[in-house]
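Beneath this line is the structure, given in structure tokens, with notes to follow.
The numbers here are math on the coordinates, done by the rules we state, and not lab data. The structure presented is a predicted model; accordingly, all values stated were derived computationally and were not measured. Using ideal geometry, Cβ is built from the backbone for each residue, glycine included, and neighbour counts are taken over all protein chains shown.
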Amino acid sequence: LSPDPDPIWRHALPHATYNVLKGSNLVGPTKRMRLITGCILYLLLFDGSLASPGGAPWNAWLLRQINGHPDVVAAREHMNASFSLGDDMTRPLYNPEFETDYERQGDENNYRFGIRQTFDWWDKRGERTLQSESVKVAARQAYLQTRQDKLAQALRALVRWEAAGERYQLAVEQEQQLDSLIALVKRRQRAGDLGQIDVELTLLTLSQRLYDTAQAMSAFQEAEATLRELLPAWLPGQQAIPVGTWVTETLISTDDGWLDDHPSVLAAKAQWEIQQQQAQLTRLEAKAEPTIGLNAGREDTDAVVGLTLSVPLNVRNNYSARTRAASQQALSVEAAYRAVRRQLRYALQADSAVVEQYRAQVNRWHSLMSERRDRSRRLLERQWNAGDLSTTEYLLTLQQGMDGLMAGISLNEQYRLAVVRWLSTSGQVVARLSTSSVETKGEKSP
């Protein structure tokens, strides 16, 4: 009733590839056929588009994939546009103006040529230069936040795809067990050990398993489609997320230092600084600045040289309301920055608690179920064959066993999703991938 684990076949392919091939019924019935089929598909899958082309680390491959995603490309180009606008803010505010005047008076031609220049008397350019730095910081942090969000989204998609594959594989195994069970029940019925009701119960259970397998396959395909949208170069059987990513004993912390380096916090802080500088710039713009002109020409038969000076008179409107509005807006943006930091701090505390709880439950589940799956199955088979268990009790116990295994898959999936959520909240997605890019041999994780 239990499928042959086949250790030779297990080690012929990576774990994820084995799961996909076995779950898709591409594996032959014998060890030799399994090994031949697996080696052929291994060569087809691992040709030139590996998860880490050219031996590059897994995290470097993942970053390349994410950097090429349209959403990240759009965010990067938006950042570049903001950088260009920031560079423009450092340029002088006023260009010189060329002016000319010509008139004919009788037989004389009168003309003048001149140049005018408005002076940045209050050093608005210096304030705009400071503002340009804050604009660049805000743009870069917004881009980094977009990239981090997309990385977290890819990690969640990988976790869900792996969990969906495990559910599908488990459903297929259960279906195969029931196929074998039906054949055995029919033989025992012909021998007089079982009645027709046992056959009917087994067939009804198999029909339910067929539906469950179809549902698991559908969920697996949907998870794979989502993953391909995020990672176009990804293939089934590629390197999985390094197990070091999920080791959290020395990772989880609620240190506020991580919050101060979070892209969304830095972007909000930069927006606050921009608005502060804008308030100061608005005050400067309310002040009048002189315009000086110099011209030369001829009038009648005499050479003419002139000097002009103009200064706006802020009499009818001193722009005090505009200045006040800019200061009030700066206060509003400051409150928004503090709200973002406050929200992340409490979210980080909650996510840390969730990760610790899931980790404890996953470890406990593994300690309870790590060695009992095959042992419990063999024990049930012996008791059923010996007549100590009825077919109904046997099928019910098998269903409970499968429910327990499915619960373990879901528990492990939710634990890893919680880790990804914590990494995203703390802004540590890229840093964590960098430290876990190479899987430690023999390392274990829930």
Distance between modelled label sites at N317 and A407, nm, 7 Å Cα→Cβ extension: 7.1 nm
Cut-off under 5 Å, modelled amide H: who pairs with N110 long-range: E103, R104, Q105
Given charges at Cβ of Lys, Arg, Asp, Glu: the stretch 291-372 dipole, positive-most of L368, V311, V340: L368
Sequence-distant residues sharing a close amide H with V304 (under 5 Å, placed H): G297, R298, E299
Whole-Hz couplings from phi, Karplus 6.51/-1.76/1.60, listed for the stretch 299-308; x for Gly and Pro: 9, 6, 10, 10, 6, 10, 10, x, 10, 10
Computed lengthening from D179 to R125, 0.36 nm per intervening residue step minus Cα-Cα distance: 11.4 nm
Highest to lowest packing among 137-143, 342-348, scored as the average C-beta count within 10 Å: 137-143, 342-348
Using θ = phi - 60° and Karplus 6.51 cos²θ - 1.76 cosθ + 1.60, couplings along the stretch 331-336 (whole Hz; Gly, Pro as x): 5, 5, 5, 4, 4, 5
